[in-house]
Amino acid sequence: ALPIFVVLVITGMLAAVLTQAFGFVLQIRISVLNKIVGLEKTALTRNLYLSPIEGLVPEYPEKPDIFVGSETRIHGLTTRSLGNRPGMLVPFDMYFDYAPNDSKMSLMYKEKGRDTVALGSWPGNVGRFSFKDRTGLWESAWPPARATGDERPSQTPWAVRIETGTGFPSAVVAAIIGPHDRIIRMQDTPMGNDLDR
């Protein structure tokens, strides 16, 4: 009878240890899954913020969709719109909208012919754009006010930073993938004036 009792005690102790270990493994699994879901949300939000900016393309000077930017608003032409097929040239606006009653800042997105949508929001009143030129300097507006003569900047910046001030990440940077200036047409050259005669 004694050997059976010893076997039962050892089996009970093993069961208790294994149950605790299994519970610990489940806790770790749930924690890792929650972190993965959080990272996926962050990546999705980041892509929503950056995709239209990464697809910026320059426009001809007489057209209305030349890229312009301030600390609170940008306007331009993109090939990576959020509401149309990729590759289509779509005019868009992106701007910060602060709601003082809720003490919340939102990043808004508007495409021509579509409703405005909020890409994200966060507590506080922090939100601004800044623009990197070809020399690596960050500017608060595009085109930069200091640009004159031979220092004329490209039509689109080399990168755009979106600062939210809170959360993770508190700032994201979009590198403009395509060309920064339109291809020169014949009418844009001094000889182009002769074509009008």
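For the pair the range 1-21 and the range 65-121, the centres of their Cα atoms are 65 angstrom apart. Close amide H partners of Leu119, meaning residues 5 or more places away or on another chain with modelled amide H under 5 Å apart, are Leu107, Met108, Tyr109. A simple spin-label model places the labels of Arg29 and Val9 3.3 nm from each other, with each point 7 Å out along Cα-to-Cβ.
Subtract the Cα-Cα distance of Ile177 and Lys110 from 0.36 nm times their separation in residues, and report this length gain in nm to one decimal.
Values: separation 67, 0.36 × 67 = 24.12 nm, distance 2.10 nm.
Gain in length upon complete extension: 22.0 nm.
Projecting label points 7 angstrom from Cα along Cα→Cβ for Ile184 and Ala141 puts them 2.8 nm apart. The packing ranking, built from the mean of other Cβ atoms within 10 Å per residue, places the peptides 87-98, 132-143 in the order 87-98, 132-143, highest first. Rg over Rh for the range 64-150 works out to 1.02, using Cα positions for both radii and the Kirkwood form for Rh. Taking amide H as placed 1.01 Å from N in the peptide plane, the amide H of Thr164 sits under 5 Å from that of Ala171, Val172, each at least 5 places away or on another chain.
Each value in this text was obtained by applying a stated rule to the coordinates, not by laboratory testing. Bear in mind that the values here come from a model prediction, so they are computed numbers and not experimental data. Note that each Cβ is placed from the backbone with ideal geometry, even for glycine, and that neighbours are counted across all protein chains shown.
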